[in-house]
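Input: a single structure, listed below in structure tokens.
Quick note: the coordinates plus some simple rules give every number you see, no bench work behind them. If you're wondering where the values come from, they're calculated on a predicted model, not measured in any experiment. All Cβ positions, glycine included, derive from the backbone under ideal geometry; neighbour counts span all protein chains shown.
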Amino acid sequence: MKITMEMDNLTGLIESAVTKNIETVIQEQVDLRTKAEIEKRAKEIIPEVVSEQLQEYIKGFITQATITEGGGLYSKEPAKEYTVEEFIKKEIAERLQSQNLKIKSDSKYGDRFEEVTFEEFIKKEFDVNKLINNKLVWFISETKKEINERIDATFTDVTKNMLSEIVYNVLLRNDTFTKLSENIKCIADKRE
């Protein structure tokens with residue numbers, strides 16, 4: 001049995017196969033690099049764009065959205081319409097003039113508000129004595145803990161040393177220990 005193969009076109013086939021393979025590999029690498037660069041730039045740009053658009057939306061909302069005050073079913077005052085910006089400015093001006101703040105009070109009946117002066121608010125929210133007391137309690141607790149740890153460590157070390165010395169002195173007075181000690185010296189000196 002004899003097999004013959006004509007290889008006239010073999011170099012052309014190899015060249016075209018290698019060329020296609022190289023083109024495919026290069027295309028894949030370019031696609032990967034391009035995709036990575038696009039993702040990187042998108043991660044940088046998207047938050048900025050979203051932030052800018054959100055700021056524009058909020059500015060537009062504050063300047064254009066309206067709030068109606070009064071004029072309700074049980075209200076004796078006529079309805080007044082304000083933009084959110086105008087309403088915020090009006091409320092701030094009223095609070096500064098009256099020197100009172102509306103704060104949420106602790107109530108078992110739900111959200112209730114009470115008016116207090118700025119000084120009362122500061123005293124209620126930032127009780128200096130309470131803050132100092134909490135810091136002092138923490139400091140004393142930590143100091144006590146550290147002192148107890150040091151006393152415990154010192155006591156343990158001293159007790160170990162004292163017991164070691166006492167046991168050693170008792171053993172020194174014992175004949176068996178003396179004989180063992182002499183035998184060990186003999187072994188160490190290689191005396192017989």
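Other residues whose C-beta falls under 14 angstrom from the C-beta of F139 contribute a net charge of +1, scoring Lys and Arg +1 and Asp and Glu -1.
Assuming a viscosity of 1.567 mPa s and a temperature of 4 °C, what translational diffusion coefficient in µm² per second does Stokes-Einstein assign to the range 130-189, Rh being the Kirkwood radius over Cα pairs? Let's see the in-between values first.
Values: Rh = 15.5 Å.
Result for D is 83 µm²/s.
Eigen-decomposition of the gyration tensor built on the alpha-carbon atoms of the range 65-126 gives equivalent ellipsoid semi-axes of 26, 17, 10 angstrom, largest listed first.
A simple spin-label model places the labels of Q53 and E115 4.4 nm from each other, with each point 7 Å out along Cα-to-Cβ. If the segment from M162 to I184 were pulled out straight at 0.36 nm per residue, it would be longer than the present Cα-Cα gap by 5.4 nm. Helices in the chain, meaning DSSP H runs of at least 4 residues, each add -39500 (n - 2.57). Divided by all residues, the mean residue ellipticity at 222 nm is -26000 deg cm²/dmol.
Between D152 and V30, the modelled labels are 7.1 nm apart [label points 7 Å from Cα along Cα→Cβ]. Here, P(r) means the percent of Cα pairs in each 10 Å bin from 0 to the largest distance; for the chain it is 6, 9, 11, 10, 10, 9, 9, 9, 12, 10, 5, 1, 0. Cα centroids of the range 9-41 and the range 83-148: 67 Å apart. Our Cα-only numbers for the range 103-165 put the radius of gyration and Dmax at 24.3, 75 Å. Taking a straight line from the alpha carbon of K76, these lysines sit under 27 Å away, with near neighbours fewer than eight places off in the same chain left out: K89, K90, K102, K104. Distance between the modelled labels on K80 and Q97, one decimal in nanometres: 0.9 nm (7 Å Cα→Cβ projection).
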